[in-house]
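This report concerns only the one structure given below.
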Amino acid sequence: AQTVTQSQPEMSVQEAETVTLSCTYDTSESDYYLFWYKQPPSRQMILVIRQEAYKQQNATENRFSVNFQKAAKSFSLKISDSQLGDAAMYFCAYRRDDMRFGAGTRLTVKP
Amino acid sequence: GAVVSQHPSWVICKSGTSVKIECRSLDFQATTMFWYRQFPKQSLMLMATSNEGSKATYEQGVEKDKFLINHASLTLSTLTVTSAHPEDSSFYICSVTGSSNQPQHFGDGTRLSIL
């Protein structure tokens with residue numbers, strides 16, 4: 001079974017600074033997808049960024065980028081120029097047939 | 001606009017009541033929908049995969065007789081929590097996807113509180 005591990009229950013960053021959230025996963029598959037979702041207090045699940053495992057190039061979406069290391073099964077999220085609105089729970093997710101989530105990282109942004 | 005509509009958003013009911021939660025795919029026909037449960041300060045745990053026209057596939061530890069799933073059409077899946085008890089109180093979220101290479105779209109969730 002696939003497992004997703006987020007080793008940082010909580011992280012804090014100063015506004016306008018950069019923060020990196022860690023994620024590792026375990027799979028025997030070679031073709032899969034990885035995602036980062038943001039869940040604010042409203043509990044909506046908001047897609048932040050996605051990465052196809054067959055692509056070597058790291059995905060980027062504005063201030064959000066990933067460091068995808070397939071051999072190491074690592075998928076970290078970097079948030080640049082952090083904003084107060086970035087404060088939320090962040091979940092790393094692995095998908096092949098269904099989607100599995102890590103335990104989440106609560107990000108606090110300090111003004 | 002919303003891709004997935006989940007209803008109701010919040011329900012409070014007495015112990016022993018059965019509660020039905022609806023999940024509708026608005027933008028496309030979904031042969032597969034997923035149901036998750038999220039306890040406070042925890043992650044989303046996959047409960048079951050809902051397959052249109054066939055039986056749902058339940059994750060280990062999830063009672064299929066307790067959590068009835070019906071996926072009668074390509075746009076609607078329902079989750080019925082039968083004879084709900086306080087320990088069933090949780091946040092239930094459904095998601096839909098058009099295909100395996102597309103991201104899942106999530107409903108806004110249902111907060112279930114059993115008194």
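Assorted remarks:
- Per residue, the accessible area of chain B comes to 50 Å² when a 1.4 Å probe rolls over the protein heavy atoms.
- Label-point separation, B:Thr80 to B:Asp65 (7 Å along Cα→Cβ), nm: 1.5 nm
- Under 19 Å from the A:Lys110 label point (7 Å along Cα→beta-carbon), backbone N, segment A:69-83: A:79-83
- Solvent-accessible surface of chain A, averaged per residue with a 1.4 angstrom probe and all protein chains in place: 50 square angstrom.
- Chain A: relative contact order in percent, alpha carbon pairs under 8 Å with at least 6 residues between: 38 percent
- Equivalent-ellipsoid semi-axes of segment A:1-93, from the Cα gyration tensor, Å, largest first: 23, 14, 12
- Loop-resident trypsin sites (Lys or Arg not before Pro) (DSSP state other than H, G, I, E or B) in segment B:1-54 with no more than 11 further Cβ atoms inside 10 Å of their Cβ: B:Lys14, B:Lys41.
- On the beta carbon distance between B:Ser54 and A:Asp81, with R0 = 30 Å, the FRET formula returns roughly 0.05.
- Accessible area buried, both sides summed, chains B and A with 1.4 Å probe, Å²: 1700 Å²
- Expressed per residue, the C-alpha convex hull volume of chain B stands at 101 Å³.
- Restricting segment B:41-99 to chymotrypsin sites (Phe, Trp or Tyr not before Pro) in coil, as DSSP defines it, with at most 15 other Cβ within 10 Å: none
- Percentage relative contact order, segment A:25-75, counting C-alpha pairs under 8 Å, at least six apart: 30 percent
- Directionally averaged projected area (convex hull, Cα atoms, the protein assembly as shown), nm²: 12.5 nm²
- Positive-end extreme of charge dipole, segment A:16-96 - chosen from A:Ile46, A:Val19, A:Ala88 (charges on Cβ): A:Ile46
- Close Lys-Lys pairs in chain B, where close means Cα under 22 Å and separation is 8 or more or interchain: 7
- Cysteines of the protein assembly as shown lacking any other cysteine Cβ under 4.7 Å from their own Cβ: B:Cys13.
- For segment B:83-93, the Karplus equation 6.51 cos²θ - 1.76 cosθ + 1.60, evaluated at θ = phi - 60°, returns couplings of 6, 5, 10, x, 5, 7, 4, 5, 9, 10, 10 Hz by residue, with Gly and Pro reported as x.
- Mean sequence separation of contacting Cα pairs (under 8 Å, at least six apart), scaled by the length of chain B, corresponds to a relative contact order of 37 percent.
The values are calculated or read from the model by the stated rules, or taken from the named source; none is laboratory data. Note that the coordinates shown come from a computational prediction; the quantities given were computed from them, not determined experimentally. Backbone-built Cβ (ideal geometry, glycine too); neighbour counts: all protein chains shown. Side chains included, ligands, DNA and RNA excluded: accessible areas come from the protein's heavy atoms. Shrake-Rupley method; radii C 1.70, N 1.55, O 1.52, S 1.80 Å.
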